[in-house]
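Where a number appears in this text, it was derived from the coordinates with a stated rule and is not lab data. All values reported here derive from a predicted model rather than from experimental measurement. Backbone-built Cβ (ideal geometry, glycine too); neighbour counts: all protein chains shown.
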Amino acid sequence: MRRIILSTESGADLPGDLAEKYEVQVVPMHIIMDGKDYLDGSLPVEDIYDYYRRTKKIPSTTATNTHEYQEFFATIRDNFPDCIIIHIGYTSKASSSFQNAVIAAEEYEDIFLIDALNVTGGLAAIVLYAAELLEKEPGIEPEHFVEKIKAIVPKSRLAFIPGILEFLKAGGRVSNMASLIGALLKIKPCIELKDGKLMSTKKYRGKMGTATEKLFHDYLNEYNIDRQQLYFIYSIGLDERIKTRMEEVAKANGFQYIRWIQAGGMISTHSGPGGFGVAGVEQ
């Protein structure tokens, strides 16, 4: 029986302990700051925020390139000879990373590529679903396994609120006027993945603590999320009292397993400090 190895990008924000537990292989994306190219994960997120405070500019981000994918897949094969690789990738609607993986995979056999059409915790939820299924059914046929993962892709739901609007403004995500109005009225946009694209869907007024509860309430009303597990995403700077409160609310709504995921460099570059998000899989 040939072993199946899962892989994904750093933009999944997959916690290190879970990547290690399930031996998920993670390839880094890139952050460009001060003219230097940093591998995502090698640069403390705080450095990104410090850079913005100093310059009022945000770093740029770039995809994993084809050559890097070729080396990545080759390394997996070296470490796990004769394995079958299933790569679950960052949404192709927001990055060229997945297409680069497709090109790189042309040189190899027995590599399956799945466009997760999601990012951060939404992508991590799909990867962890696959990892847990593989742990339960290590002898599953690769084609059947891929079908099961693809069936979950449209059921993984992600919604988040950026901590501040300045990063979205600096990155061209919202207009200067929209950012100014948002700051004056304390409006916080909800960003969701719709068909793989990041879209502003709702707006919340008030403080972050109030907005996070409203977001979660709307999220549960819109999606029938599996109560077995839930992922909360946070960027550094989110008030610990909000984290405590959201755990209480999640438990009150019947969630059995709640895991916090820290937003890494890719997401933090665009959402800024103090953000909050939620991800789960529909039943």
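Give me 231, 223, 52 sorted ascending by neighbouring Cβ count inside 10 Å, so fewest comes first.
Sorted ascending by nearby Cβ count, the order is 223, 52, 231.
Loop only by DSSP, 15 or fewer other Cβ within 10 Å of the Cβ. Give me the trypsin sites (Lys or Arg not before Pro) in the range 1-67 that pass, ordered by residue number.
On the way: sites: 2, 3, 21, 36, 53, 54, 56, 57; in loops: 2, 3, 56, 57.
For trypsin sites (Lys or Arg not before Pro) across the range 1-67 that sit outside H, G, I, E and B with at most 15 neighbouring Cβ atoms in 10 Å, the list reads 2, 3, 56, 57.
Would you mind calculating the gained length between residue 241 and residue 147 on full extension (0.36 nm times residue separation, minus the Cα-Cα distance), in nm to one decimal?
Here the segment from residue 241 to residue 147 would lengthen by 29.8 nm.
Classify the range 1-149 from the C-alpha gyration tensor, please: rounded if a/c falls under 1.5, else prolate or oblate depending on whether a/b exceeds b/c.
prolate
Rule-of-thumb check for the chain: C-alpha Rg over 2.2 N^0.38 Å?
Ratio of Cα Rg to 2.2 N^0.38 Å: 0.99.
Which of 30, 144 has the fewest other C-beta atoms within 10 Å, and how do the rest follow up to the most? Working shown, then result.
Values: 30 22, 144 9.
Least to most surrounded, the residues fall as 144, 30.
Per the Kirkwood formula on distinct C-alpha pairs, the Rh of the range 219-269 is how many angstrom? Mind showing how you got there, number by number?
Values: mean 1/r = 0.0833 Å⁻¹.
This gives a value of 12.0 Å.
On a 26 Å Cα-Cα criterion, which of the cross-link pairs 150/214; 150/194; 21/188; 203/243; 57/243 come out too long?
On the way: 150/214 30 Å; 150/194 16 Å; 21/188 36 Å; 203/243 20 Å; 57/243 28 Å.
Listed pairs above 26 Å: 150/214; 21/188; 57/243.
List 230, 117 from most exposed to least, where exposure is judged by having the fewest other Cβ atoms within 10 Å.
Listing 230, 117 from fewest to most nearby Cβ atoms yields 117, 230.
Contour minus end-to-end for residue 54 and residue 217, with contour as 0.36 nm per residue of separation and end-to-end as the Cα-Cα distance?
Values: separation 163, 0.36 × 163 = 58.68 nm, distance 3.69 nm.
Length gained, residue 54 through residue 217: 55.0 nm.
Which value in deg cm²/dmol, rounded to the nearest 500, describes the helix-derived mean residue ellipticity at 222 nm for the chain, given -39,500 (n - 2.57) per DSSP H run of n ≥ 4 and division by the residue count?
Values: 11 runs with 119 residues, N = 283.
The helix-only estimate for the chain comes to -12500 deg cm²/dmol at 222 nm.
Of the residues 249, 27, 127, which exhibits the maximal mean-square fluctuation in a Gaussian network model of the chain defined by a 10 Å Cα contact cut-off?
249
Using the Cα centre of the chain as origin and beta-carbon charges of +1 (Lys, Arg) and -1 (Asp, Glu), tell me which of 12, 254, 105 is placed farthest towards the positive end of the dipole.
Working it through, the farthest residue towards the positive pole turns out to be 254.
What shape does the range 1-47 have by the C-alpha gyration tensor, where a ≥ b ≥ c are the square roots of the eigenvalues, rounded means a/c under 1.5, and otherwise prolate means a/b greater than b/c and oblate the rest?
Verdict is prolate for the range 1-47.
At 7 Å along Cα-to-Cβ for each site, give me the label-to-label distance between residue 99 and residue 21 in nm.
If labels sit at residue 99 and residue 21, their model points lie 3.6 nm apart.
Using alpha carbons only, how many angstrom separate the centre of the range 225-283 from the centre of the range 1-70?
So the two Cα centres are separated by 20 Å.
How large is the Rg to Rh ratio of the range 25-82 when both quantities use alpha carbon positions and Rh follows Kirkwood?
Answer for the range 25-82: 1.13.
For the range 65-138, what is Rg from Cα atoms divided by 2.2 N^0.38 Å, rounded to two decimals?
Details: Rg = 12.6 Å, N = 74, 2.2 N^0.38 = 11.3 Å.
With N residues counted in the range 65-138, Rg over 2.2 N^0.38 Å equals 1.12.
To the nearest 0.05, how large is the calculated FRET efficiency for residue 107 and residue 195 if R₀ is 25 Å and r is the Cβ-Cβ distance?
The formula returns an efficiency of 0.25 here.
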